[in-house]
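One structure below.
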Amino acid sequence: MGNHDMDLSVSLARENWRRQFPRFQRRWNSLRYGNLLFLMLHSESDTRPGSPQRKWMESHLDRLPAGIDFFVVTHHPSYTRFTSRRHSRRSSEQRLAKFLEERQKTVQAKIFELSGHVHNYERYQNGGVMYIVTAGGATPYAVPREPGDFYGDTGPTYHYCKFTVKGRHLKFEMVKMVGEGMEAKWVVKDAFELTKTPTRKDTF
């Protein structure tokens, strides 16, 4: 859930969601699928130390099963180069990034943060955590790019992200729509692979 889900104009959608998924009593939830663990965070709820959502995250990290590739999913990104009144990196996301990076030092699983909110594509790595902003279907924002960024294309990036996991090997692809109309094609414009073994550190 993000800021749009908290808008009064979509209160009916929230009620429909609660009726469809009655077992989700919180606005943040977890899902394990094979060796992946998804934590779907609620970026409009507090993540400061001592808050219910923070305690919930800590409990998952404290008892993280062996063999998990770890995902955090949230609406607002912890890292973005886009700045505006409503889309700059907030203090709450900065605290979340600091928390994730401190925990990355102590867990064997690889931590990713998948977020939206900023209508474009960005990818950064800091403190061992991979941050991916993927919001490529709405009216695009002009994200400034800098030398050394994983992805440097300017302009709109209508895209989707694809993860393929086979055992301990994970492959990521960002697939971008290139061209217009009948001439448009889907092209892989950013990618990385990660292989996890029990005897060496994760490397990109």
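Of 68, 111, how do they rank once you tally other Cβ atoms within 10 Å and put the fewest first?
68, 111
Count the lysine pairs in the chain whose Cα atoms sit under 15 Å apart, keeping only pairs 8 or more residues apart in sequence or on different chains.
Count of close lysine pairs: 12.
Using a Förster distance of 35 angstrom, determine the FRET efficiency expected from the C-beta separation of residue 59 and residue 145, and round it to 0.05.
It comes out at approximately 0.40.
Show that you can apply the helix-only estimate: for the chain, add -39,500 (n - 2.57) for every DSSP H stretch of four or more residues, divide by all residues, and state [θ] at 222 nm to the nearest 500.
-5500 deg cm²/dmol
Rank the residues 157, 134 as a footprinting-exposure proxy: fewest other Cβ atoms within 10 Å of their Cβ go first.
134, 157
For the stretch 49-101 and the stretch 162-198, compute the distance between their C-alpha centroids and round to whole Å.
Comparing the Cα centres of the stretch 49-101 and the stretch 162-198, I get a distance of 23 Å.
Based on DSSP, what percent of beta bridges with both residues in the chain are antiparallel, to the nearest 5?
That works out to approximately 70 percent antiparallel.
Fewest first, what order do 46, 69 take by the number of other Cβ atoms within 10 Å?
The most exposed by this proxy come first: 46, 69.
Please report the relative contact order for the chain, taking Cα pairs under 8 Å with a sequence separation of at least 6, and give it as a percent rounded to a whole number.
Here the relative contact order equals 12 percent.
If you build a Gaussian network model of the chain, linking Cα atoms that sit under 10 Å apart, which residue out of 184, 142, 66 swings the most?
184
Here, each number is a calculation from the coordinates, and none is a lab measurement. From a predicted model like this one, the values you see are computed outputs, not experimental measurements. Cβ sites come from the backbone with ideal geometry, for glycine too, and all protein chains shown count toward neighbours.
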